[in-house]
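As structure tokens, the structure follows; a few thoughts come after it.
The values are calculated or read from the model by the stated rules, or taken from the named source; none is laboratory data. No experiment lies behind these values; they were computed from the predicted model shown. Note: ideal-geometry Cβ built from the backbone for every residue, glycine included; neighbour counts use all protein chains shown.
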Amino acid sequence: MLAWLAAGSTGAEIESLALSVKKATVLGESENPIFIDLLRQQAIIHGGRISPERLKLLNLPSRDLARTLLSEEQLGFDQNSIGKLFGRDKATISRWVNKNRKPNTHRG
């Protein structure tokens, strides 16, 4: 996920982002931080180092971002791993992904 977010950044920028995420994880108030929320916070801090396209995607509503991440096959995410990123269960992610799909009413 960090690699996706930092695409096009220099090695030093990626290292700085990764270190910030680590610190936020360790020093955060929650015992079980939601990773996507940490990334969003760090993206604000490191905004100038992250591509505008990635920032725009990261700021989508969670269900839209989840759909986007699942649709990018090269990332290799499944609904279970997306659920872990968002602090949700697989069933919730499934509802998010399938919400706008039209039911198949054609019966053959």
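Considering every residue within region 59-69, establish whether at least one is modelled with pLDDT of 90 or more and farther than 16 Å from VAL97 by Cα.
Filtering region 59-69 down to residues modelled with pLDDT of 90 or more leaves 59-69.
Then keep just the ones that are farther than 16 Å from VAL97 by Cα; that gives 59.
For region 59-69, residues modelled with pLDDT of 90 or more and farther than 16 Å from VAL97 by Cα: present.
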On the basis of being at pLDDT below 85 and either farther than 23 Å from ARG88 by Cα or surrounded by 12 or more Cβ atoms within 10 Å (Cβ to Cβ) (or both), does SER9 make the cut?
yes
Failed condition for ASN32, given (1) in contact (Cβ under 8 Å) with a residue 24 or more places away in the chain; (2) within 11 Å of the chain's Cα centre (by Cα):
(2)
For residues in region 12-41 being closer than 24 Å to ARG88 by Cβ and among the β-branched types (Val, Ile, Thr), which is surrounded by the fewest Cβ atoms within 10 Å (Cβ to Cβ)?
VAL26
Could you tell me which residue of region 42-92 is nearest to SER9 (Cα to Cα), considering only residues that are polar (S, T, N, Q) and surrounded by 15 or more Cβ atoms within 10 Å (Cβ to Cβ)?
GLN42
